[in-house]
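Chemist: Please find one structure pasted underneath; my questions will follow.
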Amino acid sequence: MRKYISKGERGYLRSRKIKLGVGSLCGFLLMALIYLTGFLIYVTAKNYITILAVLVILPTAKIFVQYLLLPWKCNAPEEEYKELCALCAPLKLYCELMVTAQEKSFEIMYLLIGSDDSIIAYTANPKSEPDKFEKGVTNFLNYYEFDSKVKLFTDLGQFKKRVKQVAARNQELSDEQREHISLIFEKIAIMSV
């Protein structure tokens, strides 16, 4: 039995892409089947069954657009993921997120939230604009009354150094702090696909 992969877990984007791809394929096949059935029965495309086929294609097109918007390469390598998980020992490392901030999408490979509301993220895309990401996430979290400091890294080495610093400040976490961190991630997940 397959395990459900939720946002922030390794393999989420791949799982989501597969689900959306299968859903859009099924929708397109259903639309073609309905259309052909109407055409075979009435020997013309001008019938009520064609309208049903058009109605089926609308949600299918929406699913297909979501499929196309997901990044093709944002899978966290297993060795790298395990190494980072060991570095941030008491904290949870979230990975494989597609965050939309300030009208731009960001492929976030890793994200770490400290108990002091500090958020650090890493993207493998060197063309990302860290300022837009930081400002967008900060503004979004300010709406929920979180005073967060957000930093986006495009260099993995610098991200690892920062992970060590954040993990060193968060060696002892209470249940309240863990719940607070998961609440912040829930808000960030709202911005994610």
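The values are calculated or read from the model by the stated rules, or taken from the named source; none is laboratory data. None of these values were measured; they are calculated from a predicted model. Note that each Cβ is placed from the backbone with ideal geometry, even for glycine, and that neighbours are counted across all protein chains shown. For the accessible areas, the whole protein counts, side chains as well, though only heavy atoms, and no ligand, DNA or RNA atoms are used. Shrake-Rupley method; radii C 1.70, N 1.55, O 1.52, S 1.80 Å.
Chemist: It is to be established whether one or more residues within segment 104-113 are touching a Lys or Arg at 6+ places or on another chain (Cβ under 7 Å) and either open to solvent by 10 Å² or more (accessible area, probe 1.4 Å) or aromatic (Phe, Trp, Tyr) (or both).
Modeler: yes
Chemist: Still on this structure: Would segment 17-35 turn up any residue that is at pLDDT 85 or above, of a type in the set (D, E, K, R) and within 30 Å of Lys160 (Cβ to Cβ)?
Modeler: yes
Chemist: Determine which member of the set Leu20, Leu29, Leu58 is more than 30 Å from Lys151 (Cβ to Cβ), more than 24 Å from the chain's Cα centre (by Cα), in a helix (DSSP H, G or I) and not acidic (Asp, Glu).
Modeler: One residue alone meets the criteria, Leu29.
Chemist: Sticking with this structure for a sec: Quick one: in segment 138-184, of everything that is open to solvent by less than 40 Å² (accessible area, probe 1.4 Å), in a helix (DSSP H, G or I) and in contact (Cβ under 8 Å) with a residue 24 or more places away in the chain, which residue is farthest from Glu79 (Cα to Cα)?
Modeler: Taking the candidates together, the pick is Leu141.
Chemist: Looking only at segment 115-132, count how many residues are within 15 Å of Phe153 (Cβ to Cβ) and surrounded by fewer than 22 Cβ atoms within 10 Å (Cβ to Cβ).
Modeler: Result for segment 115-132: 11.
Chemist: Quickly run through segment 101-135 and pick out the residues that are in a helix (DSSP H, G or I) and either of a type in the set (A, V, I, L, M, F, W, C) or touching a residue at least 40 places away in the same chain (Cβ under 8 Å) (or both).
Modeler: Phe133, the sole residue that qualifies.
Chemist: Name the single residue, out of those in segment 1-56 being more than 30 Å from Met98 (Cα to Cα) and among the polar types (S, T, N, Q), that is surrounded by the fewest Cβ atoms within 10 Å (Cβ to Cβ).
Modeler: Thr44
Chemist: Next question, about the same structure. Out of everything in segment 68-83 that is open to solvent by less than 30 Å² (accessible area, probe 1.4 Å) and either touching an Asp or Glu at 6+ places or on another chain (Cβ under 8 Å) or modelled with pLDDT of 90 or more (or both), what residue ends up being farthest from Ile120 (Cα to Cα)?
Modeler: Restricting to residues being open to solvent by less than 30 Å² (accessible area, probe 1.4 Å) and either touching an Asp or Glu at 6+ places or on another chain (Cβ under 8 Å) or modelled with pLDDT of 90 or more (or both), the top hit is Pro71.
Chemist: While we're on this one: Between residues in segment 52-75 that are within 10 Å of Gly23 (Cα to Cα) and residues that are surrounded by 18 or more Cβ atoms within 10 Å (Cβ to Cβ), which pairs lie under 6 Å by C-beta distance while being six or more apart or on different chains?
Modeler: Thr60/Ser24; Thr60/Gly27; Ile63/Leu20; Ile63/Ser24; Phe64/Ser24; Tyr67/Leu20; Tyr67/Ser24
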